[in-house]
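Everything below concerns the one structure shown next.
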Amino acid sequence: MMTHAHYPDLTGCRVLITGGASGIGSSLVAHFAAQGAHVTALDIDGSALEQLAATIKTDCDNEIITRAIDLRYIESLSRILHDLINAMGPFRVLINNAGNDDRIPWDQVTPAYWDDRFAVNVRHQFFAAQTIAPAMAQAGGGAIVNLGSISWMMGATGLIAYTTAKSAIMGLTKSLARELGPLKIRVNSIAPGMIWTPKQIARANQDDPAKFDRYLDRQCIKEHLEPADVARMALWLASDESRRCSGQTFILDGGVV
C-alpha cells in the first residue's frame, strides 16, 4: 500500500490520533497502521470511524481501536484515555490532529462561538497531552505532534477564531516541550498549508473554483498538498529518527510563507 519510508521503531508502537475519521486524520491513521503501529483513533463521527477501521483492516491487515467522542468535553476525554491506558498500556505517540476551520465573518463572532472554536481547535490538545504524558514517561518517553496551521501566518480572513486558536499551537508546543523534555517526551507541531482534503475540495468547488490555481501560484512547489504529505511528516516526528527535535513547528506548505 505505502511506498514511502519504513520506521521499524513504530512497529507495535501504541499511537493515539485525534480527529482520525476523515481528511488529514484518516491519512494519519492509515500511514501509522501501515507501519504496523497499534493505532487508536478518536473522532466525533462514530460511523466514519467504523468505515475507516474496516478499510484499514482490508488495506493494512491491521486492526485499529476507535472511540467516538466530542473532544470539547474534557472530562469524557480524560476518562476514555485513562480507560484505554489501564486496559492496554501507555501510548508512546500522540497526534493532536482534531480541529475544524468553519468560516464566519468577523462581525458575526459571538463570545460563545469564540469559546467553542477554542474548545474544538486547541484546548483538547493540551488536556490530551496532560492525560497521557505520565504513563508515556513511565514507559520511557515518546512523542507528541500537534497540528497547527499557516493560516494565522498569512492573516487569513473569514475564520478569525480558527486562526487565533491555531496560532496558539506554536506557543503550546514550545512550552510543553520544555515541560515534558525532562520526561523524555518530545513535542513538535506541524503547520500545514492548504491541504486538499475532500472537504476542502468540495468547499472550493462550490464557493471559489479558481482557488485551486490561485493558491498554487503562491507555492514555491507547484503541486497541490495532500493529506499524505502531513502524515509522512508526522511519521518522522513520531519516530526516533527525529529524536533530537523538540519544541519546533515544521511548516509544510509547499513554500507559501
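The values are calculated or read from the model by the stated rules, or taken from the named source; none is laboratory data. A quick note: this is a predicted structure, and the numbers were derived from the prediction, not measured. Heads up, the Cβs are rebuilt from the backbone with ideal geometry, glycines too, and the neighbour counts pull from every protein chain shown. Note: areas computed on protein heavy atoms with side chains; ligands, DNA, RNA excluded. Shrake-Rupley method; radii C 1.70, N 1.55, O 1.52, S 1.80 Å.
Details
- Filter result for Glu179 (surrounded by 13 or more Cβ atoms within 10 Å (Cβ to Cβ) and among the acidic types (Asp, Glu)): yes
- Number of residues in the stretch 115-132 that are more than 17 Å from the chain's Cα centre (by Cα) and among the small types (Gly, Ala, Ser) equals 0.
- Of the residues screened, Arg244 is not one that is within 16 Å of Ala156 (Cα to Cα), loosely packed, with under 14 Cβ neighbours inside 10 Å and without any contact (Cβ under 8 Å) to a residue 12 or more places away in the chain.
- Output for the stretch 182-215, where each listed residue is closer than 23 Å to Ser242 by Cβ, surrounded by 16 or more Cβ atoms within 10 Å (Cβ to Cβ) and among the aliphatic types (A, V, I, L, M): Ile185, Val187, Ile190, Ala191, Ile195
- Count of the stretch 237-257 residues which are charged (D, E, K, R) and under 22 Å from Leu225 (Cα atoms): 1
- Arg178 vs. criteria assigned to a strand (DSSP E or B) and either in contact (Cβ under 8 Å) with a residue 12 or more places away in the chain or among the hydrophobic types (A, V, I, L, M, F, W, C) (or both): no
- In the stretch 1-104, counting only strands (runs of 3 or more DSSP E) that sit wholly within it, the ones holding 2 or more residues that are surrounded by 16 or more Cβ atoms within 10 Å (Cβ to Cβ) and free of Cβ contacts under 8 Å to residues at least 40 places away in the same chain span 38-43, 65-68.
- Test: residue in the stretch 199-215 that is more than 25 Å from Ile104 (Cα to Cα) and either assigned to a loop (DSSP other than H, G, I, E, B) or hydrophobic (A, V, I, L, M, F, W, C) (or both): no
- Single residue of Ala168, Ala137, Ala161 found to be among the hydrophobic types (A, V, I, L, M, F, W, C), touching an Asp or Glu at 6+ places or on another chain (Cβ under 9 Å) and not in a strand (DSSP E or B): Ala161
- Residue pairs meeting the criteria (Cβ under 6 Å; at least 6 apart or on separate chains; first open to solvent by less than 40 Å² (accessible area, probe 1.4 Å), in the stretch 138-161; second at pLDDT below 95 and among the β-branched types (Val, Ile, Thr)): Ile150/Val257
- Taking first residues from the stretch 111-126 that are surrounded by 19 or more Cβ atoms within 10 Å (Cβ to Cβ) and partners that are among the aliphatic types (A, V, I, L, M), the Cβ contacts under 6 Å between residues at least 6 apart in sequence or on separate chains come to Arg117/Ala161; Arg117/Ala165; Asn121/Ala165; Val122/Ala165; Val122/Ala168; His124/Leu71.
- For the stretch 216-241, filtered to residues that are in a helix (DSSP H, G or I) and open to solvent by 60 Å² or more (accessible area, probe 1.4 Å), the residue that is farthest from Gly140 (Cα to Cα) is Asp217.
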